[in-house]
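Comments concern the structure below.
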Amino acid sequence: MRKGLQNIENNENSNYKIIAVDDEEGIIDSLSIFLKRSGYNFIGVTDPQEAIERVKNEHFDLMILDFIMTPFHGDQVVEEIRKFNKELYILLLTGHKDLAPPLETIRRLDIQGYCEKSDKFDQLLLLIESGIKSIAQMNEIKKINSQLSDTYDKLENAYLESIQTLRYTVEAKDPYTRGHSDRVSEYSVLIGKKLNLSDEDLKILQLGGIFHDIGKIGVPDAILQKNAKLTDDEYSEIKNHPSIGVHILSTATIFKDIIPIVKHHHEKFDGTGYPARLAGNDIPYLARIAAIADSFDAMTSKRVYRNSLSLDTVISEFNRCRGSQFDPDLTDVFLDILENHFEDIREIQEKYV
């Protein structure tokens with residue numbers, strides 16, 4: 001019975017790869033016999049530099065490392081290894097406890113344990129078995145986290161696809177909206193790049209632009225498709241779309257960063273916008289960028305009641321509304337794009353003709 005259990009343990013041990021580093025060939029030979037008998041996948045190395053290279057290029061679960069070696073000591077080996085491998089479980093061997101490295105060094109280098117060299121390896125085996133159990137638990141945690149992450153990614157993608165479907169439904173209801181959200185997304189990113197914003201902020205601007213009008217799904221078709229001037233009540237219905245959009249997107253954490261854009265892209269710098277009548281710097285920064293992109297696309301899109309505005313007229317409008325409707329500093333950046341880099345704008349427009 002005991003022999004059968006030992007075989008099972010040996011088979012499990014073979015899943016773990018151990019490297020031992022000691023400049024004494026005899027110690028390596030003894031460890032090889034001892035650990036292979038216990039079923040471990042064992043590699044022995046007498047050159048510290050070779051050990052560093054092997055750990056860099058191969059996977060090992062656990063390292064047994066002599067402290068006093070030539071040409072450099074074990075703590076120096078660990079110092080190098082920790083530069084590229086933070087997870088390797090390391091046990092330090094010392095010829096005598098007085099020669100062990102300071103406790104501060106052991107903690108700093110994340111050395112999991114050490115023991116004195118001995119003709120018997122009982123203490124070392126206990127440390128190895130304890131280390132392997134820890135490694136097994138960490139591997140299981142990584143596996144579970146990976147599975148959870150995979151599941152979460154699938155849920156995110158499924159939710160993203162469902163929101164995209166809503167967006168396409170909005171575009172089908174409102175001919176003006178077709179292509180509008182994509183262009184607002186790209187104009188926003190273009191402005192963000194001119195401002196040297198981070199990749200994270202550019203991603204938020206991209207998604208925020210795509211979904212900024214998602215709340216129009218809750219606006220009656222008759223209002224969205226009306227050719228005549230809207231009544232005050234109808235305009236009030238239109239003004240609800242940011243809040244409706246927030247309600248739709250707030251149930252998923254993947255959209256939490258774009259909520260400020262969705263909610264506040266119709267605020268005005270002077271505080272006369274909607275839905276919250278925020279003013280100046282109280283308006284979220286990325287929402288102020290999206291507001292400029294949204295207004296530009298509205299001006300340059302053909303509507304039932306008017307043709308698209310000329311570039312000169314658009315520039316004049318942005319100058320007129322600088323500081324009232326739009327953030328003045330961001331307006332200056334966008335005006336520079338319009339006046340000196342319009343080819344970037346044209347490239348976006350031609351994608352959605």
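The values are calculated or read from the model by the stated rules, or taken from the named source; none is laboratory data. Since this is a predicted model, take the numbers as computed values, not measurements. Here the Cβ positions follow ideal geometry from the backbone for every residue, glycine too, while neighbour counts run over all protein chains shown. In case anyone asks, the SASA skips ligands and DNA or RNA and just uses the protein heavy atoms, side chains included. Shrake-Rupley method; radii C 1.70, N 1.55, O 1.52, S 1.80 Å.
If I model a spin label as a point 7 Å beyond the Cα along the Cα-Cβ vector, how far apart are those points for Asp122 and Ala222 in nm?
Modelled inter-label distance: 9.2 nm.
Give me the percent of accessible area attributable to carbon and sulfur for the chain, probe 1.4 angstrom. Walk me through the numbers on the way to the answer.
On the way: 9380 of 19080 Å².
Taking all protein chains in place, the chain shows 49 percent carbon and sulfur surface.
Which of the lysines could be linked to Lys133 by a straight reach, that is with a Cα gap under 16 Å, when you skip same-chain ones fewer than 8 residues away?
Partners found: Lys17, Lys142, Lys143.
For all pairs of alpha-carbon atoms in segment 211-353, what percent lies in each bin of width 10 Å, listed from the first bin to the last filled one?
Reading the bins upward from 0: 11, 35, 39, 14, 0.
Using 0.36 nm per residue, how much length does the chain from Asp336 to Lys193 gain when fully extended, once their Cα-Cα distance is taken away?
On the way: separation 143, 0.36 × 143 = 51.48 nm, distance 1.30 nm.
Length gained, Asp336 through Lys193: 50.2 nm.
Would you list, by chain and number, the lysines whose Cα falls below 16 Å from the Cα of Lys268, excluding same-chain residues fewer than 8 positions away?
By straight Cα distance, Lys268 reaches Lys239.
Taking 27 Å as the cut-off for C-alpha to C-alpha distance, list the pairs among Lys36/Lys83; Lys302/Lys351; Lys203/Lys229; Lys194/Lys226 that go past it.
Details: Lys36/Lys83 29 Å; Lys302/Lys351 16 Å; Lys203/Lys229 36 Å; Lys194/Lys226 37 Å.
Too far apart for the 27 Å limit: Lys36/Lys83; Lys203/Lys229; Lys194/Lys226.
To one decimal place, what Kirkwood hydrodynamic radius in Å is obtained for segment 287-353 from all pairs of distinct Cα atoms?
Details: mean 1/r = 0.0809 Å⁻¹.
Taking the inverse mean of 1/r over all distinct Cα pairs, segment 287-353 comes out at 12.4 Å.
Please report the antiparallel percentage of the DSSP beta bridges confined to the chain, to the nearest 5.
On the way: 1 of 20 bridges.
Here the share of antiparallel DSSP bridges comes out near 5 percent.
For Arg303 and Ile144 in the same chain, what is the full-extension length gain: residue separation times 0.36 nm, less their Cα-Cα distance, in nm?
On the way: separation 159, 0.36 × 159 = 57.24 nm, distance 5.33 nm.
Value of the extension gain: 51.9 nm.
Ignoring ligands, DNA and RNA, what accessible area per residue does the chain give at 1.4 Å, in Å²?
Numbers: 19080 Å² over 353 residues.
Spelled out: the 1.4 Å probe surface of the chain, per residue, equals 54 Å².
Please give the length that would be gained between Ile315 and Gln49 if that part of the chain were fully extended, namely 0.36 nm times their separation in residues minus their C-alpha to C-alpha distance (nm, one decimal). List each step's numbers first, then the result.
Numbers: separation 266, 0.36 × 266 = 95.76 nm, distance 6.55 nm.
Value of the extension gain: 89.2 nm.
Could you give P(r) for the chain, binned at 10 Å from zero, as whole percent values over all Cα-Cα pairs?
Answer for the chain: a P(r) of 5, 19, 20, 10, 8, 13, 14, 9, 3, 0 percent.
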